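The values are calculated or read from the model by the stated rules, or taken from the named source; none is laboratory data. Worth saying up front: this structure is predicted, and the values here are computed from it rather than measured. Here Cβ is always computed from backbone atoms with ideal geometry, including for glycine, and neighbour counts include all displayed protein chains. All accessible areas refer to the heavy atoms of the entire protein, side chains included, with ligands and DNA or RNA removed. Shrake-Rupley method; radii C 1.70, N 1.55, O 1.52, S 1.80 Å.
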Amino acid sequence: MEKKNKLFVDPSPHIHHYDSVSKIMWIVFISLLPAAAWGVFYFGLPALNVILASVFTCLITEAVFSVWRKNSWKLIGDGSAAVTGILLAFTLPPYVPLYVPITGSFFAIGIVKQLFGGIGFNIMNPALAGRVFVMFAWVGAMTSTAFFIPQADQSFYYKDNEKSAITLEAISSATPLGMLKNYISGKISSPIPDYKDMTSDDSVIDGIPASFPKSLFESEILDNQDKNNQTALLNLYQLDSSQTEYQLKKDLSSNEKETLKQILNISKKEKSSASLLYYKSYTKDLFLGKAGGSIGEVSVLFIFLGGLWLLKRRYIYWHIPAVFIGSVAALTFLYALSKNLILVPEYGAVKNAFLFAYLHVLSGGLILGAFYMATDMITTPLTLKGQIIMSFGIGFLTFIIRIFGGYPEGVMFAILLMELLVPFIDKMSKPKIYGWKNNE
Amino acid sequence: MNLLKKGFKRGGVKLPEHKETTEHKKIINAPVPKRVKIPLQQHIGKPAIPVVQIGDEVKEGTLIGKMDGDFSANIHSSIPGKVIGIGDIYNPNAQKSRYIEIEFKGNIKYWEIKNSKWDLFSKDELLERIKNAGIVGMGGATFPAHMKYKPPVPIETLLINGAECEPFLTVDDRLMSEKAVELREGIRILKKILNPKKIFIGVEDNKIEAIEMLEKNSANEYEVVPLRTRYPQGGEKQLIEAVLKVEVPSGALPFQVGVVVANISTIYAIYEAILFEKPLYERLVTVSGQIVKWPGNYKVRIGTLIHDLLHDCQLFINPAKIISGGPMMGYSQLTDDTPITKGTSGIVVFSKEEIKFKKEKPCIRCGRCMQACPVGLFPNIMYNNISINDLQSAEKIGLKDCIECGACSFICPSKIQLVNYFKSAKLNLKRNISLSLNKIPRVKGFEYGKEK
């Protein structure tokens, strides 16, 4: 008999979709890279160190645990560990000591993911669980560096703890969300950062603040009076080496000091316009990624663009970010309306409420959470209905924690809490099966 | 605009169609093979009983296998010649069956219209003729036609399935485009048998020419319903849902909601059987694939070996995988010595480069299988249940309602062969045995035919 050629036999279907797990994961990873690049560009090399430490620890932990669980170390090639690593780094402040991302990554991959059975079996998002772990394990390191002064000297924060204790407290309390929270509860009287509080005592010379943030000078000019004042101030202050603050010039004559006091008094009288100026520049900075925060949370724009790419490739569904962001926006808006909150006296009640909602949506890593954390395939409900229920739950819990809870930041806890409810939501949101009556 | 078109409600996937190679190729006769192996089991039900012996002379259309009881079908010789052997063979759907081997000798018969006045026949006489011609459902299920078109209750609607949602296959498309007049006659025959109030033809909107021709030749006998192209539109229950907005209750048959579904190829076979008195011994087969030199829609005699058919169509290189039927629900063949049967609507050939075999990875709960399932099941939860050998739990959430369309396996990014597990689990439930997952044939992809 003639020799037959070999035929390949396998069960139907014989064609498959081009997406695979590793492809999905690596594309998610790539979509995060622009935001990471912005973080590194903005914060400098410490941010890069944090990202690298986190990603590599995740990969190594995954490999070690895979071998331990009698799988091949090559499983790290599916990219899920790398995604966890970069997401964890994104939720960390840029100037944390490197043991923070390392322990966090180990906890995320080793405990939360591998001990539960590896990819597909974790009940929580590993990156978020790791973040919560480091938040409670390294309270000092995390809170002291929670809010930053970009490209500041790293040693300033944790080499000389005693000296900087007061300073750091002042800085960390100045996170935008914390400030808003304190303003609502009446702890502070002004909804804009009080720069006198931010600087230590010796930075005030004869009642004149030694420095101003750059944004105050670059904001929109209101009228001629303001313009004149600004020009005068620019003569007396100079940009410091970090390019972010204006420092008072060293040797001022008494005449100049008088002028300065006069100008500052004028601007104090017009406190409302200062508030307007602040928020006008701040809202812009927030979107473009100049407002500060953790590594990945600064660039709302890049996170948003990456998320759009994933949406286009259908790796995530638009329902989750839309419902999550929408519910937070709606709830904060209604809350501000009901409380008649005034952030900028020039604005009306509706516009103020809108500003309040805008600040809440764009800060505190909410966009990162909405596009990358809440949409994690493994820990979201399977059905569309379930996903909508879950994302509304996240939005609601975020609102509750942020406004009424003990933390200014609520996204992370809200997502983790709702993830634990996923099996229940899945059960609740079963689709109706073809030809069945009431699914029984 | 697309959203306004009719379609089934749940799930579905958009497939790469690959129809462009054959959708404009006219139907041509495949060369008459020198020998055929005609299986006696080409239908659901009992196999036919052979009525010829080795050495007997047969003609085209001679009865060689007589139906065994009502739930069976007649088998006819597809070429004139001499019976040279009877043995066992595997059908394309991996079912073991006896076959009758016939060697070609003599002349090809020319069939003429005998009963142009078929209107004179009674309903029972028409059914009897369909039964004698050995007609079965030719969409793939191969349910004996005389059983299917004799529903115990009067029906409301006759629904004709021209969806042809499988990639590569274009035979129904070509039939509708070229033989619209003949199909209308066939529909009129079925109308007389079933006496429905309405007749619809559901056609996917990628078959523009077919829709045009059907509408042109309808003569108000039927209504053409263009459907949104989406797999599995051609599933019986999905088609009923898409066209009539009615759901067939779980475990019930379509006639219980007053619907009978007929395939385009079956209607054409009925037309030939009544007007020409020609038994079902040949059918249309799409031969397609990138390595086929002359892909097309061929009229192939039942029992022609895939080997011979592919030889006639000329392959550029040796095939690495031969699929009988469409790539979504078809069967990959162990050997090319398999005969074409009444249910074979296509032969799709893949080269080695086109086969992408990927290892199964753990489920990442992306939920795509659930969104693709046209029945609304939770494929991944059923898979979890089956993998811990809990078939009862899987049954409770709808395992038996799975239509085995393969949409879940297609879409799965972890490349889990979900539908394969469901088929095995359903078989095990039927036999009331519990096998652990290790014993369910796992997808390894083995090579066959090293030495023979």
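Going through the stretch A:123-142 one residue at a time, which ones are of a type outside the set (A, V, I, L, M), open to solvent by 10 Å² or more (accessible area, probe 1.4 Å) and not in a helix (DSSP H, G or I)?
A:Trp138
Please count how many residues of the stretch B:296-345 are more than 10 Å from chain A (Cβ to nearest Cβ) and either among the hydroxyl-bearing types (Ser, Thr, Tyr) or in contact with a helix residue (DSSP H, G or I) (Cβ under 7 Å, 6 or more places away or on another chain) (or both). It would help to see each step written out before you state the result.
Quick first cut of the stretch B:296-345, residues more than 10 Å from chain A (Cβ to nearest Cβ) only: B:296-306, B:308-316, B:324, B:338-345.
Subset that is either among the hydroxyl-bearing types (Ser, Thr, Tyr) or in contact with a helix residue (DSSP H, G or I) (Cβ under 7 Å, 6 or more places away or on another chain) (or both): B:297-298, B:300, B:304, B:324, B:338, B:340-341, B:344-345.
The qualifying residues number 10.
Which members of the stretch A:286-300 meet the condition of being touching a residue at least 24 places away in the same chain (Cβ under 8 Å) and surrounded by fewer than 19 Cβ atoms within 10 Å (Cβ to Cβ)?
Scanning the stretch A:286-300 gives A:Phe287, A:Lys290.
Of all the residues that make up the stretch B:330-348, how many are of a type outside the set (Ser, Thr, Tyr) and surrounded by fewer than 22 Cβ atoms within 10 Å (Cβ to Cβ)?
Going through the stretch B:330-348 one residue at a time, the tally reaches 3.
Looking only at the stretch B:29-49, filter to residues that are open to solvent by 70 Å² or more (accessible area, probe 1.4 Å) and in a strand (DSSP E or B); which one of those is farthest from B:Ala94 (Cα to Cα)?
Taking the candidates together, the pick is B:Asn29.
Across the stretch B:399-427, which residue is nearest to B:Gly376 (Cα to Cα) among those that are outside any helix (DSSP H, G or I), touching a Cys at 6+ places or on another chain (Cβ under 7 Å) and at the interface with chain A (Cβ under 8 Å from one of its Cβ atoms)?
Step by step, filter the stretch B:399-427, then rank; the result is B:Cys412.
Provide a single number: the residues in the stretch B:50-87 that are out of contact with any Asp or Glu (no Cβ under 7 Å at 6 or more places or on another chain) and assigned to a loop (DSSP other than H, G, I, E, B).
So the count comes out to 18.
Checking A:Ile30 against (1) modelled with pLDDT of 85 or more; (2) buried (at least 18 other Cβ atoms within 10 Å of the Cβ); (3) of a type in the set (A, V, I, L, M), which single condition isn't satisfied?
With respect to (1) modelled with pLDDT of 85 or more; (2) buried (at least 18 other Cβ atoms within 10 Å of the Cβ); (3) of a type in the set (A, V, I, L, M), A:Ile30 is out only on (2).
Does the stretch B:50-60 include one or more residues that are farther than 16 Å from B:Val83 by Cα, under 24 Å from the mean Cα position of the chain (by Cα) and buried (at least 17 other Cβ atoms within 10 Å of the Cβ)?
Checked the stretch B:50-60: no residue is farther than 16 Å from B:Val83 by Cα, under 24 Å from the mean Cα position of the chain (by Cα) and buried (at least 17 other Cβ atoms within 10 Å of the Cβ).
In this structure, is A:Gly386 in contact with a helix residue (DSSP H, G or I) (Cβ under 8 Å, 6 or more places away or on another chain) and within 14 Å of chain B (Cβ to nearest Cβ)? Don't jump to the end; show me each part of the working.
Values: in contact with a helix residue (DSSP H, G or I) (Cβ under 8 Å, 6 or more places away or on another chain): yes; within 14 Å of chain B (Cβ to nearest Cβ): yes.
Considered against the rule, which asks whether it is in contact with a helix residue (DSSP H, G or I) (Cβ under 8 Å, 6 or more places away or on another chain) and within 14 Å of chain B (Cβ to nearest Cβ), A:Gly386 comes out as yes.
If we scan the stretch B:253-265, do we find a residue that is within 14 Å of chain A (Cβ to nearest Cβ), hydroxyl-bearing (Ser, Thr, Tyr), touching a helix residue (DSSP H, G or I) at 6+ places or on another chain (Cβ under 9 Å) and on the phi < 0 side of the Ramachandran plot?
No, the stretch B:253-265 contains no residue that is within 14 Å of chain A (Cβ to nearest Cβ), hydroxyl-bearing (Ser, Thr, Tyr), touching a helix residue (DSSP H, G or I) at 6+ places or on another chain (Cβ under 9 Å) and on the phi < 0 side of the Ramachandran plot.
Looking only at residues that are under 16 Å from the mean Cα position of the chain (by Cα) and within 16 Å of A:Gly79 (Cβ to Cβ) in the stretch A:32-68, which one is nearest to the other protein chains (Cβ to nearest Cβ)?
Looking at residues that are under 16 Å from the mean Cα position of the chain (by Cα) and within 16 Å of A:Gly79 (Cβ to Cβ), I get A:Leu32.
Just give me the residues in the stretch B:1-28 being open to solvent by 70 Å² or more (accessible area, probe 1.4 Å), farther than 23 Å from B:Cys373 by Cα and part of a loop (DSSP other than H, G, I, E, B), in sequence order.
Hits for the stretch B:1-28 are B:Met1, B:Glu20, B:His24, B:Lys25, B:Lys26.
Working only within the stretch B:153-175, note down all residues that are touching a Leu at 6+ places or on another chain (Cβ under 6 Å) and more than 27 Å from B:Val257 (Cα to Cα).
B:Pro167, B:Val171
Can you confirm whether B:Glu353 is more than 30 Å from A:Lys385 (Cβ to Cβ), assigned to a helix (DSSP H, G or I) and either over 25 Å from the mean Cα position of the chain (by Cα) or more than 7 Å from chain A (Cβ to nearest Cβ) (or both)?
Taking the combined requirement at face value, the residue satisfies it.
Consider B:Pro319 against the criteria (1) in contact (Cβ under 8 Å) with a residue 12 or more places away in the chain; (2) open to solvent by 20 Å² or more (accessible area, probe 1.4 Å); (3) not assigned by TED's automatic domain parsing to the domain that holds B:Met176: it satisfies all of them except one. Which criterion is unmet?
(2)
Go through the stretch B:100-137 and give me each residue that's among the acidic types (Asp, Glu) and in a helix (DSSP H, G or I). It would help to see each step written out before you state the result.
Going through the stretch B:100-137, the residues among the acidic types (Asp, Glu) turn out to be B:101, B:103, B:112, B:119, B:124-125, B:128.
Hits for the stretch B:100-137 are B:Asp119, B:Asp124, B:Glu125, B:Glu128.
Out of the strands (runs of 3 or more DSSP E) lying entirely within the stretch B:189-294, which hold 3 or more residues that are buried (at least 23 other Cβ atoms within 10 Å of the Cβ)? I'd like the intermediate steps shown before the answer.
Numbers: elements: B:198-204, B:223-227, B:259-263, B:282-288.
Counting at least 3 such residues, we get B:198-204, B:259-263, B:282-288.
Here are some residues: B:Lys358, B:Lys396, B:Lys430. Which one is open to solvent by 20 Å² or more (accessible area, probe 1.4 Å), without any contact (Cβ under 8 Å) to a residue 12 or more places away in the chain and within 11 Å of chain A (Cβ to nearest Cβ)?
On inspection, the qualifying residue turns out to be B:Lys396.
Going by what's in this entry, would B:Ile403 be described as among the β-branched types (Val, Ile, Thr) and open to solvent by 10 Å² or more (accessible area, probe 1.4 Å)?
Answer is yes for this residue.
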